[in-house]
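To start, the structure itself, in structure tokens.
Throughout, read-outs are computed from the coordinates displayed, never taken from laboratory work. Please read these numbers as outputs of a predicted model, since none were measured by experiment. Neighbour counts are summed over all protein chains in view; Cβ atoms, including those assigned to glycine, are modelled from backbone coordinates with ideal geometry.
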């Protein structure tokens, strides 16, 4: 047991060092600060601290709207994918449809996480991201998504919950059950209507039809 714990700790340390090195590179800090960051990251407190730092960076609106910041933003998202910090999730869910390469010709051949990097980060954060994804769905009326980007965002939120649960199998069925639980616990009329409309998405109908066969 102790050997297993030791291996787990070394693995955690290696992951921490990788994450903080990438983060320090993105933030262009000195070698001395990078070393200090590596030492901090091997503790739980260090992970939280680095996650909070990255959360603040990702909150900068100019980072998302200015094309000149694309490489820096992608660097941050790469680090976020390694850190998998719970604190990043609330900042990222509203940006799930961010696409750095909208004119990419081969996007149909690529995974959703490659086309939409925020989607990939949220998948890596995993179950911790689900409450924030649900909160975003509560605010989103799928029947009032006239703009293509808003419709896309709604679909990605649903697929992201499905793919998070699908890491253990039966993703669609589990995502539907989680939405039903959220609906049952919701009292706000608008949020309730939005969640019900989300449950009416064809992906859940397909699941129901598949069970009948």
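Please give the FRET efficiency for residue 200 paired with residue 174, using the beta carbon to beta carbon distance and R0 = 22 Å, rounded to the nearest 0.05. My answer for the efficiency is 0.80. With a cut-off of 16 Å, note down the residues of the stretch 108-135 whose backbone N falls inside the zone around a label point 7 Å from the Cα of residue 69 toward its beta carbon. In the stretch 108-135, the label zone of residue 69 (backbone N under 16 Å from the point 7 Å along Cα→Cβ) covers 118. Counted by neighbouring Cβ atoms within 10 Å, the residues 201, 170, 154 run from fewest to most as 170, 201, 154.
Residue exposure proxy: 198, 186, ordered by other Cβ atoms within 10 angstrom of their Cβ from fewest to most, comes out as 186, 198.
Taken along its three principal axes, the alpha carbon spread of the stretch 58-142 comes to 32, 26, 25 Å, from the longest extent down to the shortest.
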